[in-house]
Amino acid sequence: MRRLPILSLFFLPHFLSAQTAVLPDFTVTATRLEQPLSQVPRHAVVLPLVDAAPLPLDYNLRSIPSFSLFRRNTSSVLQPTSQGVSLRGIGPSGASRTAVFLDRIPVTDAFGAWVAWPKLSPLELAAVELLPGGGSGSWGNAALSGTMHLVSREWQPGQLLSYISAGSRGSVEGELAGALDASGTLSFSAGVARRHSPPPIAPELAGAVDRDASLEFSRLTLGWSRTLAGGHVVKTQLRSYADERGNGTAGQYNAYRERQASLALVAPRSAPVPWSALAYAQRQHFRSTFTAVGAGRTSETPSSDQYAVPATTWGAALQALWKLERTRLAVGADLRGVKGETREAYSFNGSTFTRDRRAGGQQEFYGAFAQGALTPADTLTISGGTRVDYWRQTAGHRRDTSTDGSIVYRDEQYKDRTGIELTPEAGVSWKPAKRSRVFLSGQSGFRRPTLNELYRPFRVGNDLTEPNANLGTERIFSAETGGELTTGPFAWRATLFRHELHDVVATVTRYRGPGTYPDYGFIPAGGTGRTRANLDRALTQGAEFGVQVDLPRGAKATLAWQTGNSTVERASAAPELVGKRIPQVPQNIVTGQLTVPIGARVTTSLFARWSDAQYEDDDNRLILPAAATVDAALQWRIDAHWLLFFTMQNLFDEEVEASRSATGSHTLGHPQEWRAGVSWQK
């Protein structure tokens, strides 16, 4: 393999350039206050998407160094349970520590808090707003490492958008979206795709059982809005998504289904007190199969069949905003309920599974918040707010039986639990000069463990993980300070951050095979027995730097670097982990991009991302080496309607290790893939 020279990181893509330095003064809705970006007392990122070529959202977000998925991979390859969002290395497992919303409706999976990224249509989105860092108090549960708010496009009757693309290994994708006049505005979006990627296992280890990773999905959105008397707008929307994935061997497969309905009523912005009310319901269904692969990868044996994971979510929110001459005040309340259960067959014996498991429960969250911002002078904004949440956890259960139900091996009903969380935040943004800004803020946040972490045991290969129904609430206390400065063609940015996590939920290794152990049974050589546990204290601290430069003839270059440590400080449940680094978190991430117009209609781009070595496991025995990839892109605006685009992911075909086991096998992420397509708009 050809290796990437480190110097190339300084001039590197994306024609979807994440704004890494001083930005236009966008209105940021992710703060609840809908305030200008220059008044937000922390580092914020706005990623415009309206005029961009249609690429997967997680692919574009890689240009932000603070963003990563749990594993170094893309949604085209990853099993969705590994697609939780990690910001600034906060969170040592696959569950998202970031609250991800689409128009204020949660996007994360109800049972496990991962994100099915392909369900998010690039044609439907206008922008992504990202507030990295510990806690976003006004959003409540799960905003531990920050908030990501996806903003939908405002459709106009008669507007049409579409694209079709083809790529490596027979991948194809297409979508049509638009709006019609139907006693209001009727919007629609329908897309389908079939993507194929090389087998995830490293090529030198591949055997007869290995197959391409595959993803097939379809998505459909129907929305209707109408302006009522007095300027109030009613909005309703139905969303549907379904996918099927081949996870790299003949016997490993998963499928995901989601249906969602929402209704919103929004007061006009010109009202003395603009307000909005929202109600939504979601139904999700997940299925996944797992196998144990034999020596030489010539055979595989089923290890579990998670044949159904039904989950239901319901919620509502009410918010009002007062905008005075120098004061903004947002108050609101929201509630969310989640009910889910895993149903799976396990203990394969000869030709069939002999045991069946059902485990799950219910969670409810009720919260109220108040957030305000005072601008005593044009150059100074002081912000603050607090939120209180009451949560309840009920109906927790785990029942293991024989497949015919005649034998009960385990039947546990877990005690109901409740709690109250208070999450204040405060900050200041000051512009000492016209082209500069400094800010300082402190936040807090909390996250209740997911139903998956509380109740579901699982097995990956020879690694077995037990849940923990007694897991405590994760909490975070954070501070950050930084500044922005524009000098000539250069826009500079620097942020220092410190995030202190308490009772962080981690996967802790208890046993190493070979041997027979309580609750785990026989663990073969190279396998492990692990459990979910709260670690008393972990600390993430570091800095992020960025520079953007406007070059001659409209070219633009950006460079961003995040550096820091995420380590375990105290761990009474696993004292041996004290001083160890949080798994799957590199110490350094560097991203760079170079965008060069060629004439008035053609734009070429390069994007690179380099991440330091990181650990696979909790006790830092397995190392994933440093990895660097370069992507290339070209877009040709033929006229006001037609756009041609071409992308090449992992241009130099670098090996990026995504996972590693104690037996030496490892999988790869970010394979080399190309994609070419055409989009049309009216």
Counting residues that are more than 30 Å from Leu471 (Cα to Cα) and either aliphatic (A, V, I, L, M) or out of contact with any Pro (no Cβ under 8 Å at 6 or more places or on another chain) (or both), which strands (runs of 3 or more DSSP E) fully inside segment 519-613 reach at least 2? 528-550, 556-570, 588-598, 602-611
Residues that are in a strand (DSSP E or B), crowded, with 17+ Cβ neighbours inside 10 Å and more than 24 Å from the chain's Cα centre (by Cα): does segment 658-677 have at least one? yes
Please name all residue pairs, on different chains or six or more residues apart, with Cβ atoms under 9 Å, provided the first residue is in segment 54-73 and is aliphatic (A, V, I, L, M) and the second residue is buried (at least 23 other Cβ atoms within 10 Å of the Cβ) and in a helix (DSSP H, G or I). Leu57/Pro118
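Is segment 103-125 home to any residue that is assigned to a strand (DSSP E or B), within 13 Å of the chain's Cα centre (by Cα) and within 30 Å of Arg532 (Cα to Cα)?
Our first condition is that a residue be assigned to a strand (DSSP E or B); within segment 103-125, this holds for 105-106, 125.
Checking which are within 13 Å of the chain's Cα centre (by Cα) leaves us with 106.
Restricting the remaining residues to those that are within 30 Å of Arg532 (Cα to Cα) gives 106.
Yes, some residue in segment 103-125 is assigned to a strand (DSSP E or B), within 13 Å of the chain's Cα centre (by Cα) and within 30 Å of Arg532 (Cα to Cα).
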Tally, over segment 479-498, of residues that are of a type in the set (S, T, N, Q) and either buried (at least 20 other Cβ atoms within 10 Å of the Cβ) or within 21 Å of Leu87 (Cα to Cα) (or both): 2
Return the residues of segment 16-74 that are more than 30 Å from Val172 (Cα to Cα), assigned to a loop (DSSP other than H, G, I, E, B), at pLDDT 85 or above and among the β-branched types (Val, Ile, Thr); say none if nothing qualifies. Val40
All but one of (1) at pLDDT 95 or above; (2) surrounded by fewer than 18 Cβ atoms within 10 Å (Cβ to Cβ) hold for Asn349; state the number of the condition that does not hold. (1)
Filtered residues of segment 482-518 (kept if part of a loop (DSSP other than H, G, I, E, B) and on the phi < 0 side of the Ramachandran plot): Pro489, Gly513, Pro514, Pro518
Could you list, ordered by first residue, the pairs with Cβ atoms under 8 Å in which the first is in segment 311-325 and under 30 Å from Arg343 (Cα atoms) and the second is of a type in the set (Val, Ile, Thr) and in a strand (DSSP E or B), at least 6 apart or interchain? Ala311/Val338; Thr312/Val338; Thr313/Val338; Gly315/Ile105
Taking Thr403 as meeting all but one of (1) in contact with a Lys or Arg (Cβ under 9 Å, 6 or more places away or on another chain); (2) among the β-branched types (Val, Ile, Thr); (3) open to solvent by less than 70 Å² (accessible area, probe 1.4 Å), write down the number of the exception. (3)
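The values are calculated or read from the model by the stated rules, or taken from the named source; none is laboratory data. Just so it is clear, the model here is predicted, and its values are computed rather than measured. No Cβ is skipped: glycine too gets one built from the backbone with ideal geometry, and neighbour counts run over all protein chains shown. Heavy atoms of the whole protein, side chains included, go into the accessibility calculation; ligands, DNA and RNA do not. Shrake-Rupley method; radii C 1.70, N 1.55, O 1.52, S 1.80 Å.
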